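Read through the structure below, which is laid out as structure tokens, and then see the notes.
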Amino acid sequence: MLVWERPEPSNRPVLAPLSRERIVRAAIELADADGLVAVSLRKVAAALDVGPMRLYGYIDTKEELLDLMVNAVHAEIHPTGDDWREVLRSQAEATRRAAQQHEWLADLIGGRPQLGPNTLAIGDAVLGAMSDVDLDVVVPAVAAVNAYVVGAVRREISERRAERASGMDLRQYQAATGPYLQRTFAAGQFPALATVVRDGPHLSADETFRVGLEFLLDGIEARISR
């Protein structure tokens, strides 16, 4: 039986009462502080000041715990809007904000389908906003937006982690690598790339995400209008 359908153990008089909600909240706090490497049943039990065996019955495996964590964070995502485009945009932006708040989420989204009730509610809201659109368009359109969000979020979080690891922010990194690129471009190599680096727009992370998302939504709208 999946964790979503399995009842919790009955209440028992113990020194430290447990619930799946308390376990998941403790796991999220560990992950927010130190990443998924800090999450294990043993470490979560220690954070709750209980023995690891106490967690079994509530959660069978670490994989179940990760699923519950993802579902809990999806409670922070509320797609809103008066039409499908606004709903898809708000879902994408809210997912990005959730990943910025909980960087570990970027490591867990985009894999196997998430079946938690909060995750399913988001999918239902998005699909409900597109109820007047042909399913042959809805299915690949939603998949395309999800793929864009997953890719963009993972790249952004990877860049944030790289900055912390190197100790250099974006401007410092550009200053350090700029002379190399200048020498390479001056030699006549990669002319198209040189033009973009020299003359192209330099967008912030927020602008890059939003502009790319609007390109994608424009394409979906054009397909719907056919």
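Each reported figure results from applying straightforward, stated rules to the coordinates on display, with no laboratory input. These figures come from a predicted structure and were not determined experimentally. Every residue, glycine among them, receives a Cβ derived from its backbone with ideal geometry; neighbour counts consider all protein chains shown.
Report the charge-dipole magnitude of the range 109-226 in Debye, nearest 20, computed about the Cα centre from +1 at each Lys and Arg Cβ and -1 at each Asp and Glu Cβ. Write out the running numbers ahead of the final one.
On the way: 12 positive and 14 negative charges, 133 e Å.
So the dipole magnitude of the range 109-226 works out to roughly 640 debye.
I want to verify a result. In a Gaussian network model of the chain, Cα cutoff 10 Å, which of these has the top mean-square fluctuation: ARG22, ARG183, ARG160?
Of ARG22, ARG183, ARG160, the Gaussian network model singles out ARG183 as fluctuating most.
How far apart, in nanometres, would the label points at SER131 and VAL211 be if each is projected 7 angstrom from Cα along the Cα-to-Cβ direction?
3.7 nm
I need the phi-derived Karplus couplings for the range 201-208: 6.51 cos²θ - 1.76 cosθ + 1.60, θ = phi - 60°, integer Hz, Gly and Pro marked x.
x, 10, 8, 6, 4, 4, 5, 4
Suppose the chain between ARG97 and ALA176 were pulled fully straight at 0.36 nm per residue; how much longer would it get relative to their current alpha carbon spacing? Intermediate results must be reported in sequence, preceding the final value.
Numbers: separation 79, 0.36 × 79 = 28.44 nm, distance 2.96 nm.
Taking ARG97 through ALA176 to full extension adds about 25.5 nm, to one decimal.
Given a Förster distance of 41 Å, report the FRET efficiency between GLU63 and ALA187 from their Cβ-Cβ distance, rounded to the nearest 0.05.
Values: r = 51 Å, r/R0 = 1.24.
FRET efficiency, GLU63 to ALA187: 0.20.
Given N residues in the range 21-146, what is its alpha carbon radius of gyration divided by 2.2 N^0.38 Å? Mind dumping the intermediate values first?
Values: Rg = 16.6 Å, N = 126, 2.2 N^0.38 = 13.8 Å.
It is 1.20.
Shape verdict for the range 20-73, please, from the Cα gyration tensor: rounded (a/c under 1.5), prolate (a/b greater than b/c) or oblate. It would help to have the intermediate numbers written out before the result.
On the way: a/c = 1.61, a/b = 1.18, b/c = 1.37.
Note, shape of the range 20-73 comes out oblate.
If you put +1 on each Lys and Arg Cβ and -1 on each Asp and Glu Cβ, how big is the dipole of the chain around its Cα centre, in Debye rounded to 20? Can you show the working numbers first?
Working: 25 positive and 32 negative charges, 172 e Å.
Around 820 debye, computed over the chain.
Determine, from the Cβ-Cβ distance of VAL196 and ARG42 and an R0 of 41 Å, the FRET efficiency 1/(1 + (r/R0)^6), rounded to the nearest 0.05.
Numbers: r = 49 Å, r/R0 = 1.20.
Once rounded, the FRET efficiency stands at 0.25.
In a Gaussian network model over the chain where Cα atoms closer than 10 Å are linked, find which of VAL70, VAL145, VAL137 has the largest mean-square fluctuation.
Fluctuation is largest for VAL137.
Through the Karplus equation 6.51 cos²θ - 1.76 cosθ + 1.60, θ set to phi - 60°, convert the phi angles of the range 53-64 into ³J(HN,Hα) values in whole Hz; use x for Gly and Pro.
5, 5, 6, 5, x, 8, 9, 8, 9, 5, 4, 5
Jot down the per residue volume, in cubic angstrom and as a whole number, of the convex hull over the alpha-carbon atoms of the chain.
Details: hull volume 36.6 nm³, N = 226.
Hull volume over Cα atoms, normalised by residue count, gives 162 Å³.
Which residue fluctuates most in the GNM of the chain (Cα springs below 10 Å): TYR58, TYR173, TYR148?
TYR173
Based on the Cβ-Cβ distance of ALA222 and ARG54, what FRET efficiency does E = 1/(1 + (r/R0)^6) give at R0 = 45 Å, to the nearest 0.05? Intermediate results must be reported in sequence, preceding the final value.
Values: r = 55 Å, r/R0 = 1.23.
Computed FRET efficiency for ALA222 and ARG54: 0.20.
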